[in-house]
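**Student:** Pasting in a structure now, in structure tokens, and then I'll have a few things to ask.
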Amino acid sequence: MESTKTEELEVALLLEAIYHLTSYDFREYNRSSITRRVHNRLALEHLPNISRLTEKVIYDTKSRNDLLNDFSINVTEMFRDPSFFKALRDDILPRFKNHEEIRIWHAGCATGEEVFSVAILLTELGLIDKATLYATDMNEDVLERARAARFPIQKMQTYTKNYMLAGGSQAFSEYYYTDSQFAYIQSKLLEPISFAQHNLVTDQSFNEFHLIICRNVLIYFSPTLQNKVYQLFHESLIRGGFLCLGAKESLRFSGIMPKFEETIANEKIYQKIYD
């Protein structure tokens, strides 16, 4: 019991140090998940305890960045939650058909699967030529993987199933090519996508968007940080633009909610109605 309490204290002090050094707030992340990642970093760096790791994180920028990469959440897949993408296909994206341009921000894009999915929807709706998709993440390593647009070939069966459930009617294989190990997204889909590093906690708005997609990222933030990011999203949307959150996320109890209305409540899609 004493060792457990000591470890809990060590983890708390480590997260406090990271917060003050970087503004990344992992203090209210799922603690068991964080602790597993901390122990993995201890093994990789051959350190005897978490206090030694904390000391290294304070004085060694590389160790600090390595740990931030460990904490980055990168669980995603193409057309994940197909009903959400069907709502985009049937209801949200068609509203932009008369726009001269469409600006979409994928915040916390991880390895890019969701932004590639939206590029496919835009292609099938005949909107891809007027669209620009900005895909950002705090983690430069996963952004490099996203830019490569390469996935293990065995994943494509799941992705194809998701695509069909999301209303897809084309041959999904038209959107990628393969070798013996990997599937690669066709270059035509990549042309309107710009990948860049962006910290939702500390960085500012960089455009006015018609659509912002940030799904299953904010559940790992404290309520204070969530409200800060919601304000950033509000500032980054045109009036009438849409914000899409994950299944376990909601604007409903946030201070920013009066400036939005729920458009498709069960898919957590909100429309900005007031500046």
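**Student:** Any chance you could count how many residues in the stretch 9-23 are without any contact (Cβ under 8 Å) to a residue 24 or more places away in the chain and surrounded by 18 or more Cβ atoms within 10 Å (Cβ to Cβ)?
**Tutor:** Residues that pass the stated criteria total 1.
**Student:** Mind checking whether some residue in the stretch 108-120 is at pLDDT 95 or above, touching a strand residue (DSSP E or B) at 6+ places or on another chain (Cβ under 7 Å), part of a helix (DSSP H, G or I) and aromatic (F, W, Y)?
**Tutor:** yes
**Student:** Could you list all residues from the stretch 36-68 that are polar (S, T, N, Q) and surrounded by fewer than 16 Cβ atoms within 10 Å (Cβ to Cβ)?
**Tutor:** Listed by number, the residues that qualify are N40, N49, S51, T61, N65.
**Student:** Separate question: Got a sec? Which strands (runs of 3 or more DSSP E) wholly within the stretch 150-249 have at least 1 residues that are within 26 Å of L127 (Cα to Cα) and more than 19 Å from the chain's Cα centre (by Cα)?
**Tutor:** 176-178, 182-185, 237-245
**Student:** Scan the stretch 252-265 and tell me whether some residue there is open to solvent by less than 40 Å² (accessible area, probe 1.4 Å) and assigned to a loop (DSSP other than H, G, I, E, B).
**Tutor:** Scanning the stretch 252-265 turns up at least one residue that is open to solvent by less than 40 Å² (accessible area, probe 1.4 Å) and assigned to a loop (DSSP other than H, G, I, E, B).
**Student:** If you check Y274 against the conditions, is it of a type in the set (S, T, Y), open to solvent by 40 Å² or more (accessible area, probe 1.4 Å), on the phi < 0 side of the Ramachandran plot and touching a strand residue (DSSP E or B) at 6+ places or on another chain (Cβ under 8 Å)? So that I can check it myself, show each step before the final result.
**Tutor:** On the way: of a type in the set (S, T, Y): yes; open to solvent by 40 Å² or more (accessible area, probe 1.4 Å): yes; on the phi < 0 side of the Ramachandran plot: yes; touching a strand residue (DSSP E or B) at 6+ places or on another chain (Cβ under 8 Å): yes.
Spelling it out, Y274 is indeed of a type in the set (S, T, Y), open to solvent by 40 Å² or more (accessible area, probe 1.4 Å), on the phi < 0 side of the Ramachandran plot and touching a strand residue (DSSP E or B) at 6+ places or on another chain (Cβ under 8 Å).
**Student:** Limited to the stretch 125-150, what total is found for residues that are crowded, with 21+ Cβ neighbours inside 10 Å, modelled with pLDDT of 95 or more and touching an Asp or Glu at 6+ places or on another chain (Cβ under 8 Å)? Show your work before the answer.
**Tutor:** From the stretch 125-150, those crowded, with 21+ Cβ neighbours inside 10 Å are 131, 133-139, 142-143, 146, 149; that's our starting set.
In the following step, the residues that additionally are modelled with pLDDT of 95 or more were identified as 131, 133-136, 146, 149.
Of the ones still in play, those that are also touching an Asp or Glu at 6+ places or on another chain (Cβ under 8 Å) are 131, 146.
Final tally of qualifying residues: 2.
**Student:** Given the residues F26, F79, F84, which is the only one that is touching a Leu at 6+ places or on another chain (Cβ under 9 Å), surrounded by 14 or more Cβ atoms within 10 Å (Cβ to Cβ) and on the phi < 0 side of the Ramachandran plot?
**Tutor:** Going through F26, F79, F84 in turn, just one is touching a Leu at 6+ places or on another chain (Cβ under 9 Å), surrounded by 14 or more Cβ atoms within 10 Å (Cβ to Cβ) and on the phi < 0 side of the Ramachandran plot: F26.
Here's the yes/no breakdown for (1) at pLDDT 95 or above; (2) on the phi < 0 side of the Ramachandran plot; (3) touching a Cys at 6+ places or on another chain (Cβ under 8 Å):
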residue	(1), (2), (3)
T224	no, yes, no
V229	no, yes, yes
L237	yes, yes, no
G240	yes, no, no
L251	no, yes, no
I269	yes, yes, yes
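**Student:** Sticking with this structure for a sec: Tally the residues that are hydroxyl-bearing (S, T, Y), out of contact with any strand residue (DSSP E or B) (no Cβ under 8 Å at 6 or more places or on another chain), open to solvent by 50 Å² or more (accessible area, probe 1.4 Å) and modelled with pLDDT of 95 or more, restricting the search to the stretch 151-194.
**Tutor:** 3
**Student:** Can you name every residue in the stretch 98-121 that is hydrophobic (A, V, I, L, M, F, W, C), out of contact with any Gly (no Cβ under 8 Å at 6 or more places or on another chain) and either open to solvent by 10 Å² or more (accessible area, probe 1.4 Å) or in contact (Cβ under 8 Å) with a residue 60 or more places away in the chain (or both)?
**Tutor:** Correct list: I102, I104, W105, A107, C109, V115, F116, V118, A119.
**Student:** Sticking with this one: Do we have any residue at all in the stretch 83-99 that's modelled with pLDDT of 95 or more, outside any loop (DSSP other than H, G, I, E, B), more than 30 Å from Y159 (Cα to Cα) and not aliphatic (A, V, I, L, M)?
**Tutor:** The answer is no, given that none of the residues of the stretch 83-99 is modelled with pLDDT of 95 or more, outside any loop (DSSP other than H, G, I, E, B), more than 30 Å from Y159 (Cα to Cα) and not aliphatic (A, V, I, L, M).
The values are calculated or read from the model by the stated rules, or taken from the named source; none is laboratory data. Nothing here was measured: the structure is a model prediction, and the numbers come from that model. All Cβ positions, glycine included, derive from the backbone under ideal geometry; neighbour counts span all protein chains shown. Accessible surface is based on the protein model in full, side chains and every heavy atom, while ligands, DNA and RNA are left aside. Shrake-Rupley method; radii C 1.70, N 1.55, O 1.52, S 1.80 Å.
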